[in-house]
Amino acid sequence: MIKTDILIIGAGPVGLFAVFEAGLLKMKCHLIDALPRPGGQCSELYPKKPIYDIPAYPEILADDLTKKLLEQCKQFEPGFTLGERAETLVKNNDESFTVKTNQGTLLNAPVVVIAGGLGSFEPRKPNIVGVEEFEGKGLDYSIIDPDVYRGKKVAIAGGGDSALDWAIFLSNVASEVTLIHRSDEFRGALSSVEKVQSLKDKGQIKVITSAEVIDINGENRIKSITIMHKDNSRNDLDVDHFIPLFGFLPKLGPIGNWGLEIEKNAIKVNNALDYQTNIKGVFAVGDINTYPGKLKLILCGFHEATVMCQYAYKIINPEKKFLLKYTTVTGVSGFDGSLKSSPKSISKKIQ
Amino acid sequence: MGSDIEIHITDRNGLRHSVDAPIDMSMNLMELIRIYELAEEGSVGICGGMAMCASCQCYVESDHQLPEVSQDEKMMLLEAFNVQDDSRLACQIYVSTELDGLKIRLAPAE
């Protein structure tokens, strides 16, 4: 069981900034995210796109914003449970909460903060009837342990960076790699496209373009896939694994069943006070919450996270009184023993 | 108003809506769908209008001259489901006088 002060669901920009604000108040945070890396939409949807409305940054790439936020909160040593989706929320007798992930990880904290953005990113599945039947039986939507594919016949579908990158990587691991894409143009980085081209020329990757996988065949396990080509002709390809990499789609997911008040796919919070939900001790900040006048902007999420921390502090430290402090005055003392503070002023006489 | 045009939008339940669209607010059709709440909040315009998801995919049902498909939109439509020859991403089409009377139908949610 992982224990922390504030359990943050969602490691996007707002969740990461909450770590910093909580740290200033000596509260430790642990983050859960369904994606394998922090950053949320900024990493998954538009890492290379500029953002123009972060205060003091005339322009910053989404990926760089994530890096800066990670650097800013680093001294508060946040814990991360990545690649796992928060599944259930239980309130314990001592008023603390236990969250269980889809992998069975248990996390406990007196305060839970949902900074889930658009929801958890779920893989886009191919449009094939009965596709679920083969999940985990040769059909994978992401690659966790590449060694699983050693010496196997693998087909990857998709035309973006992840399809290209994994085709390249697995060409050294699998016995046979086939990349199938609906077009003959790929959306990925130029260097990856060129690498695939050269591997194709060397016969190390088979590339089938203007084609689509329309069926999966086998009993209990994938045996082959059916590919339909542009001219409507079809053929079967024997494979041990089929990995469609069509990106991710955000879904509100299991959070929707936690007894939270939901309105228009978002969690209702009290914006007049603390961004708390209808469950005491559970807060929601950033794109996932709603209230009159809500704006889905990163900068508004930062504000919400800051206000939330003040009230989370009262739940965690009911006896203590405290006053808002300014980092310029008191500096920042990290949990790692680091101290950032403004240099002392020196006075010197003029003779 | 004088600066509005009319757009006909069929929602995901097959209901047709005729809505006024302002031409002076640099608004795109995805935003128009959201303003009039013609689809469940959070199910259209997920990426915010960057042609990086296909949640606002629609089928164009009238023969209006539309802006050309950009490279980004083209690549996204290649990855999307339920794509037809008349598929477009609503976020890539901005409201303008030429679109008066345009008919679109929202593609099914993925």
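Pick from A:163, A:167, A:155: which is of a type in the set (Gly, Ala, Ser), in a helix (DSSP H, G or I), more than 14 Å from chain B (Cβ to nearest Cβ) and buried (at least 17 other Cβ atoms within 10 Å of the Cβ)?
A:167
Here is a list of conditions, (1) within 14 Å of chain B (Cβ to nearest Cβ); (2) in contact with a Leu (Cβ under 6 Å, 6 or more places away or on another chain); (3) under 18 Å from residue A:134 (Cβ atoms), and residue A:225 meets all of them except one; can you say which number that is?
(1)
Does any residue of region A:30-40 turn out to be within 14 Å of chain B (Cβ to nearest Cβ) and either within 20 Å of the chain's Cα centre (by Cα) or in contact (Cβ under 8 Å) with a residue 60 or more places away in the chain (or both)?
Within region A:30-40 (the criterion being within 14 Å of chain B (Cβ to nearest Cβ) and either within 20 Å of the chain's Cα centre (by Cα) or in contact (Cβ under 8 Å) with a residue 60 or more places away in the chain (or both)), the answer is yes, since at least one residue qualifies.
Conditions tested, residue by residue: (1) within 14 Å of another protein chain (Cβ to nearest Cβ); (2) not hydrophobic (A, V, I, L, M, F, W, C).
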site: A:74; (1), (2): no, yes
site: A:85; (1), (2): no, yes
site: A:92; (1), (2): no, yes
site: A:106; (1), (2): no, no
site: A:122; (1), (2): yes, yes
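Going residue by residue through region A:53-61, is there one that turns out to be more than 23 Å from residue A:309 (Cβ to Cβ), in contact with a Leu (Cβ under 6 Å, 6 or more places away or on another chain), surrounded by fewer than 22 Cβ atoms within 10 Å (Cβ to Cβ) and in contact (Cβ under 8 Å) with a residue 12 or more places away in the chain?
no
In region B:27-38, what residues are in a loop (DSSP other than H, G, I, E, B) and away from chain A (no Cβ under 11 Å)?
Residues satisfying the conditions are B:27, B:36, B:38.
Going residue by residue through region A:43-55, is there one that turns out to be among the hydroxyl-bearing types (Ser, Thr, Tyr) and touching a Gly at 6+ places or on another chain (Cβ under 9 Å)?
So far as region A:43-55 goes, yes, one or more of its residues are among the hydroxyl-bearing types (Ser, Thr, Tyr) and touching a Gly at 6+ places or on another chain (Cβ under 9 Å).
Can you name the number of the only condition in (1) in contact with a helix residue (DSSP H, G or I) (Cβ under 9 Å, 6 or more places away or on another chain); (2) surrounded by fewer than 18 Cβ atoms within 10 Å (Cβ to Cβ); (3) of a type outside the set (Phe, Trp, Tyr) that residue A:267 fails?
Tallying (1) in contact with a helix residue (DSSP H, G or I) (Cβ under 9 Å, 6 or more places away or on another chain); (2) surrounded by fewer than 18 Cβ atoms within 10 Å (Cβ to Cβ); (3) of a type outside the set (Phe, Trp, Tyr), residue A:267 fails exactly one: (2).
Looking at region A:125-140, can you tell me whether even one residue there is under 15 Å from the mean Cα position of the chain (by Cα), crowded, with 16+ Cβ neighbours inside 10 Å and either closer than 25 Å to residue A:307 by Cα or touching a residue at least 60 places away in the same chain (Cβ under 8 Å) (or both)?
no
Does region B:58-68 include one or more residues that are buried (at least 21 other Cβ atoms within 10 Å of the Cβ) and either of a type outside the set (S, T, N, Q) or within 11 Å of another protein chain (Cβ to nearest Cβ) (or both)?
Yes - at least one qualifying residue is present in region B:58-68.
For a quick check of your reading: which strands (runs of 3 or more DSSP E) sit entirely within region A:69-149 and have at least 3 residues that are farther than 30 Å from residue A:174 by Cα and modelled with pLDDT of 95 or more?
Strands (runs of 3 or more DSSP E) meeting the threshold: A:86-91, A:97-101, A:106-109, A:111-114.
Evaluate the following for residue B:83: is it touching a strand residue (DSSP E or B) at 6+ places or on another chain (Cβ under 9 Å), within 14 Å of another protein chain (Cβ to nearest Cβ) and of a type outside the set (Phe, Trp, Tyr)?
yes
The values are calculated or read from the model by the stated rules, or taken from the named source; none is laboratory data. Keep in mind it's a predicted model, so treat the numbers as computed, not measured. Reconstructed Cβ throughout: ideal geometry from the backbone, glycine too, with neighbour counts over all protein chains shown.
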